[in-house]
Amino acid sequence: MLTRTASLVDSSDSTSSYPVFWERLKEIFELRQVPSTSDGTALSICILIALVLWAALTLQEVRTVTFDVPTELVNVPEDQALVSEPPDHVSVQVTGEVIQLLYLYANPPQAPIDASSSEVSIEDVLGLAGSNISIDAVTPRNVNVPLEARVERSVPVASRVDIDLEDGYELLAPPTLSPDSVRVSGAESIIGALDQWPTASRHLESFRDSVQIQVPLADTLNPLVSRSVDNVSFEAQAGRFAEETRELFVEVTGVPPGQNLVALDPPMVRVRYRVLFDEMFEARRADDFAAVVNYDQIRRDTTGRVEPRIHVPAGLTIRDPEPMPPQLRYFTLMSSESQ
């Protein structure tokens, strides 16, 4: 009986303490959600130590990386020039500790290419010998430096300026370049094959007036060929044109004295032409606007028809005069002297 009673008492004590346990556990979690200042400082120190240990271990790791190294051409003789351009960079694969690789990225090496040597070993000029970094591969491993005797001559400049004229406008004269030639210098085989040097491409839209612009020369063959100038002046002028017609009496010239007279059918032609708009009224009144058939044309002809030649007034911008009809019949008349 005593034993049974004790067992009941223990059971009641356990039941009464059950809520107390959960209350204390809840208090612990609530305290962790809002740590004290001392707990936050300790946590920060732990995190910092962990980061330092991680960094120390990581920096000691050995890794393989690939990066580009720029090249630099040195010691080119003044009386010689490159035939082909060496690569501007080489690809290098290295292996080393992370901390050494970081230093390499912060202080990247250069690969000087000595033009006085016909072939250069890139691995030898990188300057990594004796370091704790091993070179696994270099692409290209060797660089050739072909040289020829340097020559110099002048070549004409070719314009690549495209002009889109506005409707009714025409260029008054072919565009000009100043200077129209350039002095070039380089390897004999390259300079000997040059027949011109182009400008950079430019496009002028709705052009209707005059323009003078600086146009750079194309960078073709840089840096194998040097030039005396880098820019040229491009100049062009346009004007508005109008289409006109004018009737002219056809004159037969060059008839020798005592020869038979010649009559043309028809004796007049209508001339169609284009004229600068500002000179349109002058062209209508000009006395030296003429249609002519020379007697030699008739003497050499075997068809019975001749084409009149149009003489336009001097000092006027008149283009493409076209006689209508384009050919005339002719008849020989007996002169009074021959009768």
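The values are calculated or read from the model by the stated rules, or taken from the named source; none is laboratory data. The shown structure was predicted, so the numbers you read here are calculated from the model rather than taken from an experiment. No Cβ is skipped: glycine too gets one built from the backbone with ideal geometry, and neighbour counts run over all protein chains shown. For accessibility, only protein heavy atoms count, side chains too; no ligands or nucleic acids. Shrake-Rupley method; radii C 1.70, N 1.55, O 1.52, S 1.80 Å.
Key figures for this structure:
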quantity	calculated
Filtered residues of segment 138-159 (kept if open to solvent by 60 Å² or more (accessible area, probe 1.4 Å), in a strand (DSSP E or B) and closer than 17 Å to VAL92 by Cα)	THR139, ASN142
Every residue from segment 75-114 that is over 20 Å from ASN222 (Cβ atoms), in a strand (DSSP E or B) and in contact with a Ser or Thr (Cβ under 9 Å, 6 or more places away or on another chain)	VAL90, SER91, VAL92, GLN93, VAL94, THR95, GLY96, ALA111, PRO112
Tally of residues being within 30 Å of GLY186 (Cβ to Cβ) and open to solvent by less than 40 Å² (accessible area, probe 1.4 Å) across segment 110-137	7
From the options GLY239, GLY168, GLY192, residue that is more than 30 Å from ARG329 (Cβ to Cβ), buried (at least 17 other Cβ atoms within 10 Å of the Cβ) and over 21 Å from the mean Cα position of the chain (by Cα)	GLY239
Close pairs (8 angstrom Cβ cut-off, 6 or more residues apart or separate chains): closer than 15 Å to GLU322 by Cα in segment 263-292, surrounded by 13 or more Cβ atoms within 10 Å (Cβ to Cβ) and among the polar types (S, T, N, Q) anywhere	VAL275/THR317
Selected residue (criterion: nearest to THR332 (Cα to Cα)) from residues of segment 280-299 that are assigned to a helix (DSSP H, G or I) and among the charged types (D, E, K, R)	ARG299
Subset of segment 243-260 [surrounded by 14 or more Cβ atoms within 10 Å (Cβ to Cβ), in contact with a Phe, Trp or Tyr (Cβ under 9 Å, 6 or more places away or on another chain) and not basic (Lys, Arg)]	GLU244, LEU248, VAL252, VAL255, GLN259
